[in-house]
Amino acid sequence: MHKVLAIETSCDETSVSIVSNIGDKFKIHSNIVASQIEDHSKWGGVVPELAARKHLELLPFVLEKALTESKMRIEEVDYIASTVAPGLVGCLRVGSITARSLCILHSKPFLGIHHLEGHLSSILFSENYPKKSFLTLLVSGGHTELIKVDERRDMKRLGKSFDDAAGEAFDKVGRLLGLAYPGGPAIEKIAKNGDPFKFNLPKCRISDKKGGFLKYDFSFSGLKTAVLRLVERINLDGKTIPIPDIAASFERVVAEVLVERTIKCAEDNSLDNVVVVGGVAANNTLRKMMISEAGKKSIKVHLAPLNLCTDNAAMIGAAALFRIKFKDHLSSIKLGVAGRLSIEQTNTLYEENPPF
């Protein structure tokens, strides 16, 4: 059994977790998450400098609580891991420096983890996660990507958003409708009382150089603008804005776009397992639609546990455990952080000479 202490501070959640595995079974001993939603809600989004300062303030207490809840001492863990890319650089530095300092103090090996691989790894805490190659829909506030993952955790991005991520679009539309931040949960809540077919909003696509469209890519900026124009038109007509109907129509279109392109990508690449992870993966409309439509194509859907959809350290620990189990990779203690790093470059985090 390997035990990992993991730290996640890539954006606006300060999280520390202790996880372990025995063979294919992954276990969470503690997973403490301190959210900064209240700190950023009045700004309608994350303020990077404020987020970094809050991580610095919260991390010692979150670390202590995680160890206490796991009933372990730091000397008992085998490895220490932290998110090193991508994310807000100031925030990443807080977690990375803390993790590497602990490694030096307690003579522990270090693993720097790619944030998106962390999200991919949240599925490892499910009962029957796929063991062979699968397609992942990673859909969150900062990312909307389709990633092919093979048995050895080599990854290839097959689709992405060219502008707003789906979660970002939820936040912006929520703000347009005067709803609370973050927009995803607020829209989902009010959409329950709306008609999802009241408004015919666009399913935007990205043109390719041959005069067609990129089959697996996403664009949500136009959809957000369509909602803005709709609200402006209703205001000009002097009518009451039907917020539940707009929210429900927006939520339906986002879910349809995500599901349709994911299933098409899975079919074209002969993948019969689809994994759905990330903050937006908690959306009930998306979850139900994905299961229903994938079932028609004999594609099995694996959904991240609801409590692990948003950023958390348990998923970072799971990614570290997978690396240890199959590749025995460790990171240099000199590894820094990066605001951007493609999923295909994940293996560079375990090279003897760090990429940054």
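The values are calculated or read from the model by the stated rules, or taken from the named source; none is laboratory data. All of these numbers come straight from a predicted model, not from anything done at the bench. Quick reminder, even Gly has a Cβ in these numbers, built from the backbone with ideal geometry, and neighbours come from all protein chains shown. With ligands, DNA and RNA removed, areas are computed over all heavy atoms of the protein, side chains included. Shrake-Rupley method; radii C 1.70, N 1.55, O 1.52, S 1.80 Å.
Counting residues in the stretch 47-58 that are farther than 18 Å from Thr83 by Cα, β-branched (Val, Ile, Thr) and assigned to a loop (DSSP other than H, G, I, E, B) gives one or more.
Consider the stretch 222-262 and keep the residues that are touching a helix residue (DSSP H, G or I) at 6+ places or on another chain (Cβ under 6 Å) and among the small types (Gly, Ala, Ser). The one that is surrounded by the fewest Cβ atoms within 10 Å (Cβ to Cβ) is Ala255.
Test Ala85 against the stated conditions and say whether it is surrounded by fewer than 21 Cβ atoms within 10 Å (Cβ to Cβ), under 22 Å from the mean Cα position of the chain (by Cα) and not hydroxyl-bearing (Ser, Thr, Tyr).
On the way: surrounded by fewer than 21 Cβ atoms within 10 Å (Cβ to Cβ): no; under 22 Å from the mean Cα position of the chain (by Cα): yes; not hydroxyl-bearing (Ser, Thr, Tyr): yes.
Considered against the rule, which asks whether it is surrounded by fewer than 21 Cβ atoms within 10 Å (Cβ to Cβ), under 22 Å from the mean Cα position of the chain (by Cα) and not hydroxyl-bearing (Ser, Thr, Tyr), Ala85 comes out as no.
If you go through the stretch 51-62 and keep only what is closer than 16 Å to Arg93 by Cβ and surrounded by 15 or more Cβ atoms within 10 Å (Cβ to Cβ), you end up with Ala51, Ala52, Arg53, Lys54, His55, Leu56, Leu58, Leu59. With respect to the conditions (1) in a helix (DSSP H, G or I); (2) among the hydroxyl-bearing types (Ser, Thr, Tyr); (3) closer than 13 Å to Cys11 by Cα, Thr68 lacks only one, and its number is (3). If only residues of the stretch 85-110 that are part of a helix (DSSP H, G or I) and of a type in the set (A, V, I, L, M) are counted, the one that is nearest to Asp24 (Cα to Cα) is Ala99. Of all the criteria given as (1) of a type outside the set (Phe, Trp, Tyr); (2) assigned to a loop (DSSP other than H, G, I, E, B); (3) surrounded by fewer than 24 Cβ atoms within 10 Å (Cβ to Cβ); (4) not assigned by the TED database to the domain that holds Lys192, the one not satisfied by Val337 is (3). In the stretch 31-38, the count of residues that are in contact with a helix residue (DSSP H, G or I) (Cβ under 7 Å, 6 or more places away or on another chain), within 26 Å of Arg157 (Cα to Cα), open to solvent by less than 20 Å² (accessible area, probe 1.4 Å) and not in a helix (DSSP H, G or I) is zero.
Here is the figure for the stretch 331-354: residues that are closer than 21 Å to Val149 by Cβ and more than 23 Å from the chain's Cα centre (by Cα) total 1.
Number of residues in the stretch 13-30 that are surrounded by fewer than 20 Cβ atoms within 10 Å (Cβ to Cβ) and either assigned to a loop (DSSP other than H, G, I, E, B) or among the charged types (D, E, K, R) (or both): the value is 4. Taking the condition in contact with a strand residue (DSSP E or B) (Cβ under 7 Å, 6 or more places away or on another chain), hydroxyl-bearing (Ser, Thr, Tyr) and part of a strand (DSSP E or B), does Ser10 pass? The answer is no for Ser10.
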